[in-house]
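Visitor: Supplied in structure tokens, the structure appears directly below.
The values are calculated or read from the model by the stated rules, or taken from the named source; none is laboratory data. As the structure is a prediction and not an experimental result, all values here were calculated from the model. Don't worry about glycine lacking a Cβ; one is built from the backbone with ideal geometry, like all the others, and counts go over all protein chains shown. Surface accessibility is based on the protein's heavy atoms, side chains included, excluding ligands, DNA and RNA. Shrake-Rupley method; radii C 1.70, N 1.55, O 1.52, S 1.80 Å.
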Amino acid sequence: MLCSAFSSFIAPSALSKRAALGLLIGVGSLLAGGLVADIYADWAVQGNPLWSTVLENAVPLLLALTLPYAGWRLSRSPHASTHLTEGAQWGLFGALGTVLLAGLVVGLQVVIQQQLKPGLLVLQLTTVGAAGGLLIGQSIAQVHMSERKAEEERDRLANLFRGLPAPVVHGRFEGDRLTILSVNDAFAEVFGPEGETVEGMDLYDLVVPQNKRSEAAEIDRRALDEGAVEQEVQRLTSDGPRIFDLQVATALDDGNAETYAVYTDITDQKRRESELRLFQEVIEQMDNAALVTQGAPIDEPGPRIVYANSALESMTGYDREELIGQTPRILQGPRTDRDVLDALRGALEAGKAWSGEAVNYRKDGTTFTVQWSVSPVRNESGEIEYWASVLRDVTEMRRRKRALRRQRNLLEQTQRLAGAWEVDLATGEMSWSEEVYRIHEVPPDAAPDVDEGIKYYAPDARPTIQKAFQRCIEDREPYDLELPLITAKGTRRWVRTVGAPVEDEDGTLIKVAGAFQDITQRKQAEEALREREARLRGLANSIPGVVYQFYARSDGRYGNHFVSEHAEDVLGISSDADVLFEQFVEGVPASHRSAMMESINEAVETKTPWRFEMPFEKPSGERIWLLGTSMPEEREDEVVFNGVLLDITERKRQQKEAKRRSKAMEAATDGMAILDRDGAYQYVNQAHADIYGYDAPDAFLGETWRICYDGDELRRFEEDVMPTLFEKGQWRGTATGHRADGRPFPQDLTLTVIDNGGIVCVVRDITEQVEREEALRQAKQEAEEASQLKSAMLANMSHEVRTPLTSITGFSEVLQQELEGPPRDFADKIHESSLRLQRTLESVLHLSKLEAGVAGLQREHLALGDVVRNVTAVLDDHATDKDLTVATHTPDTPVQGHWNEDSLHRICRNLLENAIKFTPEGGRIDIRVREEQEAVLEIEDTGIGMDPEQVPTLFKAFKQESAGMDREYEGSGLGLSIVKRLTEELGGTIEVETEKGRGTCFTVRLPPSPPSS
């Protein structure tokens, strides 16, 4: 009875969902309340520490509170009816069980010792039991859920098994047989025996041909090993052998050699596939093109192509993959007759066959004419499933018919102008007109046949006329030939002979008719013209440049009658007059092509001489410059331009070089002038005019150097300076010139005599320098000995180095343009060395100004990113020469501040030049700009780096890691010293991180405003 009551209690239906939730909340609350009461009693009544009491009851208290929380969560789950009730029942059962167990434990403890709290022990064990029961209930609920799902899945599979339209067999594989356990209803419909009668029988005996038993057994073995197998098989049915797609899979129960097999009848499908392959093979062997489209839609976009044979690929130039999925409209174009397409559409809408001719387009855009036949293909329901088309290319046949018609018309016109002849193919008789007899110098009563007529042609022309006459008969191909002929009296003549087939109304060839014309005089004139043209061509080919005769016809066509052979040498293209104009226009770059064509059109319209300079790109990629000139000549239906194309590449180069030199001189800060042997000015740059106080250089032209000096200085020049100059070739020194307003000023002057006896003058206003020197002289009296030495050095460098250095730089640049070969290399080295020395001098002067504190900084509002981009652009060529990657990283918001632009530019430039110099080819330089509390500039390279121990001396003047005559890298060692001084002048700091062989990173930090602000 107790077991029965317990069983009914733990049944899932014993509690409702609400009662189960209430039970968990009640039990949990009761246990939690008891534990809290015990905590309070221990602390308040017995005086035990609160933390000890709480720690002793913490785990049971949490378990007690878990019961109502777990009940609440389970009540919200989709399976609450099972999980909640099972958990509540087993939680209560666990609590009751542990009460009994706790009583037994308490009794034993009382006997053994007196210091025990029996109530607390019972309460704690009850809590643990309730929580454990809840977990057991959840596990049991999961098992029940899984069992119900498995039962439902079995029922679903059984229903699916019975309802499948294909035969299904459930069997057990035993050795070399498959025992049938069950079959569905479709098995009896296909294989014959009813389901109940076959259970227990060997499936192989029922449906497998005798010679296929081992193959069938192998399929089932593979299914047991692999889980599932699919294979085409032949099986015996009530209608005889048929082909099935067999799918075999193992049963769900593990450990049993049971399988499910599904038989899908594909006999009709295989038959249709075989018929389709045969049909495709036949179509592929056809000479005519074939395509198959879907039956619909007739409207846009039209039925799509589902098949195309190889003949259609050859006919259209499209690959089969390009045609499949397209519509036949891919083959149509502007010349496709709309009436033909409308007729085709009408036939398709009516579901009828159609045939006609249409113009189609190949993939390359060329057209061809097809004889097109379209037929519907209907399914078993009578609906149009496909449209089958056969296309035959009749382009050549139509061309021949048109040519034959044209030839007949030509023959009729020619016969009216010349002699006529014809050959009756039935009798072999040949008839000549009087003109033909006259040309052959044969009496009119003669009756020559075809063979005799051919013998009158020159021996080397007879094979040609024989082949043409034979093709005319066999292929019905007309001919029009010009051949030499020897008359009956031995006279040599040139004749034009025309022949064409003549058909009757039924299309039967009955005769060949033609015309005969004496063209001897024309041939003689053509020969004389060829000789004259040969002479003119030889003359044209001897003229430098490309001689041409260009024509512009009234219908708008342009071309050439003649082009000299130099076109291949000068332009790199064929001298064929028929194609040169198009090739020439293509060679003119797009930047000049429109302007050139406009100039040609204008010359043609106005019939005026043409002249145009243009660049031209040869097929080899070489670019040259051409000058085209021509004179017009009006003719009957065209304007002819006789002209020449000249290669002016060298002239353009010289002009560019002269312009570059002129720009260099104009950009110079020193005054530069060129005078003739009499001392008269020929060229003056703007700086020269500015130094002497004139508005423009033109004020000097026509004057001599005497306008620049007066009084004693003029006499000194006449009596000493100029004689010394012409005696030694050069004079350098200081002088006192006078400006346009008469004010004197000190100047540095260099005079050099050049080859033609003229004089090159380089002058510099040294007023500030003289004043600065005077200030230095005054300061020397109060300065220390080191400062005196430095001032002397600066003065010496300014006078004795910078002035001649300017001359060296200028004249070496002139020598670079005038010299070739090894002397040019020496001039290049002089120029490079002078530039390097000039940079060193400027660095020394700038550093000295900084150290003396005289380089006042004018601040302005600047964006650091703009300065970085300007410096990067200036040094881009240097980085490109070494194949360096220079990456600039700037934020979207500009980093701005009040700085001196020249100082900021020099900081960026010196650091970037250092990075380029010390980074090997192919390396990388990263320039980063960001804003923290200060503006930050980082320049990091992947260069050679340096020993970190060298960093403390890195910013000292004239210091480099490698020094001496055999050092690897050139430089003065002043760049980083100047960077540090300028950074400090701007109130900033500079840091460096470096590693030998890995690279270097310089970080400059600048306050956005001057420190004083």
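Visitor: Output the residue which, of all residues in region 677-695 that are open to solvent by 40 Å² or more (accessible area, probe 1.4 Å) and not polar (S, T, N, Q), is farthest from Thr734 (Cα to Cα).
Guide: Of everything passing the filter in region 677-695, Asp695 is farthest from Thr734 (Cα to Cα).
Visitor: Still on this structure: Here are Glu713, Glu719: which of them is assigned to a helix (DSSP H, G or I), touching a Ser or Thr at 6+ places or on another chain (Cβ under 9 Å) and over 30 Å from Asp555 (Cβ atoms)? Give the derivation first.
Guide: Numbers: Glu719 fails: touching a Ser or Thr at 6+ places or on another chain (Cβ under 9 Å).
From the options Glu713, Glu719, the qualifying one is Glu713.
Visitor: So, one more: Out of the residues in region 475-492 that are charged (D, E, K, R) and in a loop (DSSP other than H, G, I, E, B), state the one that is farthest from Pro463 (Cα to Cα).
Guide: Initially, region 475-492 is screened for residues charged (D, E, K, R), giving 475-477, 480, 482, 489, 492.
Subset that is in a loop (DSSP other than H, G, I, E, B): 475-477, 489.
Values: Asp475: 17, Arg476: 18, Glu477: 17, Lys489: 22 Å.
Result: Lys489.
Visitor: Looking only at residues that are touching a Phe, Trp or Tyr at 6+ places or on another chain (Cβ under 9 Å) and assigned to a loop (DSSP other than H, G, I, E, B) in region 335-378, which one is least open to solvent (accessible area, probe 1.4 Å)?
Guide: Thr336
Visitor: Now for a different question. Looking at Ala388 and the list (1) at pLDDT below 90; (2) over 57 Å from the mean Cα position of the chain (by Cα); (3) surrounded by fewer than 18 Cβ atoms within 10 Å (Cβ to Cβ), which single condition is not satisfied?
Guide: Unmet condition: (2).
Visitor: Still on this structure, I have one more. I'd like to check something: does region 207-220 contain any residue that is among the polar types (S, T, N, Q), in contact with a strand residue (DSSP E or B) (Cβ under 8 Å, 6 or more places away or on another chain) and at pLDDT 85 or above?
Guide: no
Visitor: Got a sec? Which of Ile939, Ile907, Ile916, Ile925 is under 16 Å from Ala873 (Cβ atoms), in a helix (DSSP H, G or I) and open to solvent by less than 20 Å² (accessible area, probe 1.4 Å)?
Guide: Just a single option satisfies the conditions, and that option is Ile916.
Visitor: Do we have any residue at all in region 645-667 that's under 45 Å from the mean Cα position of the chain (by Cα), in a helix (DSSP H, G or I), of a type in the set (A, V, I, L, M) and buried (at least 16 other Cβ atoms within 10 Å of the Cβ)? First the steps, then the outcome.
Guide: First, pick out the residues of region 645-667 that are under 45 Å from the mean Cα position of the chain (by Cα): 645-667.
Filter again for in a helix (DSSP H, G or I), leaving 649-667.
Add one more test, that the residue is of a type in the set (A, V, I, L, M), and what stays is 658, 664-665, 667.
Adding the requirement that they be buried (at least 16 other Cβ atoms within 10 Å of the Cβ) leaves 665.
Yes, some residue in region 645-667 is under 45 Å from the mean Cα position of the chain (by Cα), in a helix (DSSP H, G or I), of a type in the set (A, V, I, L, M) and buried (at least 16 other Cβ atoms within 10 Å of the Cβ).
Rundown of residues vs (1) open to solvent by less than 60 Å² (accessible area, probe 1.4 Å); (2) out of contact with any Phe, Trp or Tyr (no Cβ under 7 Å at 6 or more places or on another chain), yes/no style:
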{"residue": "Tyr558", "(1), (2)": "yes, no"}
{"residue": "His561", "(1), (2)": "no, no"}
{"residue": "Glu565", "(1), (2)": "no, yes"}
{"residue": "Asp569", "(1), (2)": "no, yes"}
{"residue": "Glu586", "(1), (2)": "no, yes"}
{"residue": "Ser591", "(1), (2)": "no, yes"}
{"residue": "Ala603", "(1), (2)": "yes, no"}
{"residue": "Trp610", "(1), (2)": "yes, no"}
{"residue": "Leu627", "(1), (2)": "yes, yes"}
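Visitor: Restricting attention to region 738-753, does a residue exist that is under 60 Å from the mean Cα position of the chain (by Cα), β-branched (Val, Ile, Thr) and not in a strand (DSSP E or B)?
Guide: no
Visitor: Considering only region 739-747, I want to know if a residue exists there that is farther than 24 Å from Thr809 by Cβ and touching a His at 6+ places or on another chain (Cβ under 9 Å).
Guide: Checked against the condition, which is being farther than 24 Å from Thr809 by Cβ and touching a His at 6+ places or on another chain (Cβ under 9 Å), region 739-747 yields at least one hit.
Visitor: Go through region 426-471 and give me each residue that's of a type in the set (Val, Ile, Thr), free of Cβ contacts under 8 Å to residues at least 40 places away in the same chain and open to solvent by less than 40 Å² (accessible area, probe 1.4 Å).
Guide: Val450, Ile454, Ile465, listed by residue number.
Here's the yes/no breakdown for (1) more than 25 Å from Met597 (Cβ to Cβ); (2) in contact with a Gly (Cβ under 7 Å, 6 or more places away or on another chain); (3) modelled with pLDDT under 90; (4) assigned to a loop (DSSP other than H, G, I, E, B):
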{"site": "Arg532", "(1), (2), (3), (4)": "yes, no, yes, no"}
{"site": "Arg535", "(1), (2), (3), (4)": "yes, no, yes, no"}
{"site": "Gly538", "(1), (2), (3), (4)": "yes, no, yes, no"}
{"site": "Pro544", "(1), (2), (3), (4)": "yes, no, yes, yes"}
{"site": "Asp555", "(1), (2), (3), (4)": "no, no, yes, yes"}
{"site": "Ala567", "(1), (2), (3), (4)": "no, no, yes, no"}
{"site": "Ser575", "(1), (2), (3), (4)": "no, no, yes, yes"}
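Visitor: Another question, then. Within region 895-904, which residues are open to solvent by less than 70 Å² (accessible area, probe 1.4 Å) and either at pLDDT 90 or above or in contact with a strand residue (DSSP E or B) (Cβ under 6 Å, 6 or more places away or on another chain) (or both)?
Guide: Val895, Gly897, Trp899
Visitor: Same structure, new question: Looking at (1) modelled with pLDDT of 90 or more; (2) over 34 Å from the mean Cα position of the chain (by Cα), find the lone condition where Glu281 falls short.
Guide: So the condition that Glu281 fails would be (1).
Per-residue answers, yes or no, for (1) in contact (Cβ under 8 Å) with a residue 40 or more places away in the chain; (2) out of contact with any helix residue (DSSP H, G or I) (no Cβ under 8 Å at 6 or more places or on another chain); (3) open to solvent by 60 Å² or more (accessible area, probe 1.4 Å):
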| site | (1), (2), (3) |
| --- | --- |
| Ala223 | no, yes, no |
| Glu226 | no, yes, yes |
| Gln231 | no, no, no |
| Gln234 | no, no, yes |
| Leu246 | no, no, no |
| Thr250 | no, no, no |
| Asn256 | yes, yes, yes |
